[in-house]
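Structure first, commentary second.
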Amino acid sequence: MQRVTHEAPVTVAARGAARLTAGHPWVYRSDVQRLPAHPGFAPVLDPAGRPLGWAAVHPTSQIAVRLLHRHDEPVTEALLLARLAAALDWRAALARDPETHMGGASGYRLVHAEADGLPGLVVDRLGPVLVLQNGCAALEPHLEAFVTMLAERLAPEGVLGRLDARVREREGLPREQRVLAGSVPEEVEVSDGLLTWTARPREGQKTGGFLDQRLNHRRLARFARGAALDVFAYQGGFGLHLLRAGASSVELVDSSAAALAAAERAAAANGLPTPRLTRADAFARLRELDRAGARFDVIALDPPALAKRARDLPRALAGYKELNLRAMRLLRPGGVLGSASCSAHLQEAEFLNVLADAAADAGRTLHVLGRFGAAPDHPERLGFPESAYLKFVLLRAP
């Protein structure tokens, strides 16, 4: 078993201590008074020297402290593996619950970083393979042990390390891709329980696909009828479900030709009609459709995170308002809009305010049919709003 290196205690400032006491696991470097010289695991103290728990720490990363627990037990590899085992046990339990629709799915999240008590670590199942990401230097020496447990518990054909995210640079980690166990093909087939897609683990968004909207695809598809529009469609997660559920036509809008080609192949593989594929900037396409007087019965709006950093939020709010205003103008009476935001810095209340402002400017009255987040394999941790990054609101125009 890997020996864990323990660093000298970390002392956080009063504001950092207040964040940890309130349940948030992160302390930024600006709120730390004393840090060790190397990344690792360390006890955390408040300004008066009182213990606050143990954390993964880093002397130069913006997130200097990532709390693992609030008691005096040092972090060991056995503790980390116990966290991993608990995460896998929970996904197995979710798969037995018919409401999660995980039983027939082969694409879902196994480990959701801080929400599962393993900061920076993400593991997704994509059909026969697993894809692992890590953005925490303290956990890097333990990847081999994690992969061993994953292989023993789940017996995948292979485990791919997508260790290429930019966040790794902030932790002093190399950006690379490598096979950590077995073999990983260029393409794998992934099912959400109703439809199948071809995913490319080495090249696709995130770990090769978007798994967090799985249940929201079904929620919007309940209202499928007439003409539908899927904006920021990627591989057509919303649009293909709308076709399957009875929409007479679907237009998929995305800036990626490769993503639209993958959606076209998925439609054929699932025996669905070919959707209209529109490669375009989403803002420009919505304006064009509005000017042309186009109208739709169902619209899905699932943009990428427009606020990747807190300072991006004002511009992101304007972008979300513009997108939703245009989409609302395109809705027929009785039409349904599924509007999403995956910006962790945008809270649900702010998103609802943006939707209300967009509706007012569009001159539309809209009813809220439901508010949702990510599928339950992407758990939300109380006190950690970043884990509630995905907001999905169903709106109906009476």
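Using the structure shown, decide if Val159 is in contact (Cβ under 8 Å) with a residue 24 or more places away in the chain, more than 16 Å from the chain's Cα centre (by Cα), assigned to a strand (DSSP E or B) and closer than 19 Å to Glu203 by Cβ. Considered against the rule, which asks whether it is in contact (Cβ under 8 Å) with a residue 24 or more places away in the chain, more than 16 Å from the chain's Cα centre (by Cα), assigned to a strand (DSSP E or B) and closer than 19 Å to Glu203 by Cβ, Val159 comes out as yes.
Count of the range 106-124 residues, restricted to those that are surrounded by fewer than 24 Cβ atoms within 10 Å (Cβ to Cβ), more than 12 Å from the chain's Cα centre (by Cα) and in a strand (DSSP E or B), is 1. Total residues in the range 285-298 satisfying the condition of being under 26 Å from the mean Cα position of the chain (by Cα), farther than 15 Å from Ser256 by Cβ and not β-branched (Val, Ile, Thr): the figure is 1. The residue list Thr198, Thr148 contains one member that is assigned to a strand (DSSP E or B) and among the hydroxyl-bearing types (Ser, Thr, Tyr), which is Thr198. Which of the residues spanning the range 385-398 are more than 12 Å from His112 (Cα to Cα) and either surrounded by fewer than 18 Cβ atoms within 10 Å (Cβ to Cβ) or among the small types (Gly, Ala, Ser) (or both)? Correct list: Pro385, Arg396, Ala397, Pro398. Counting only helices (runs of 4 or more DSSP H) that sit completely within the range 229-317, those holding 1 or more residues that are in contact with a strand residue (DSSP E or B) (Cβ under 7 Å, 6 or more places away or on another chain) and in contact (Cβ under 8 Å) with a residue 60 or more places away in the chain correspond to 237-245, 257-269. Determine whether Pro39 is in contact with a Phe, Trp or Tyr (Cβ under 8 Å, 6 or more places away or on another chain) and either at positive phi or touching a residue at least 12 places away in the same chain (Cβ under 8 Å) (or both). Judged against the criteria, Pro39 is not a match.
Contact annotation: residue pairs with Cβ atoms under 9 Å, 6 or more positions apart or on different chains, pairing a residue in the range 208-223 that is assigned to a strand (DSSP E or B) with a partner that is surrounded by fewer than 20 Cβ atoms within 10 Å (Cβ to Cβ) and of a type outside the set (A, V, I, L, M), are Gly209/Arg200.
For the range 61-90, the set of residues classified as among the small types (Gly, Ala, Ser) and either in a helix (DSSP H, G or I) or surrounded by fewer than 18 Cβ atoms within 10 Å (Cβ to Cβ) (or both) consists of Ala78, Ala82, Ala85, Ala86, Ala87, listed by residue number. The selection criterion, being within 22 Å of the chain's Cα centre (by Cα) and closer than 19 Å to Phe384 by Cα, does not hold for Leu94. Residues that are among the basic types (Lys, Arg) and modelled with pLDDT of 95 or more were ranked within the range 275-320; the one that is surrounded by the fewest Cβ atoms within 10 Å (Cβ to Cβ) is Arg291.
The values are calculated or read from the model by the stated rules, or taken from the named source; none is laboratory data. As the structure is a prediction and not an experimental result, all values here were calculated from the model. Counting neighbours? That spans all protein chains shown, and the Cβs are built from the backbone with ideal geometry, glycine included.
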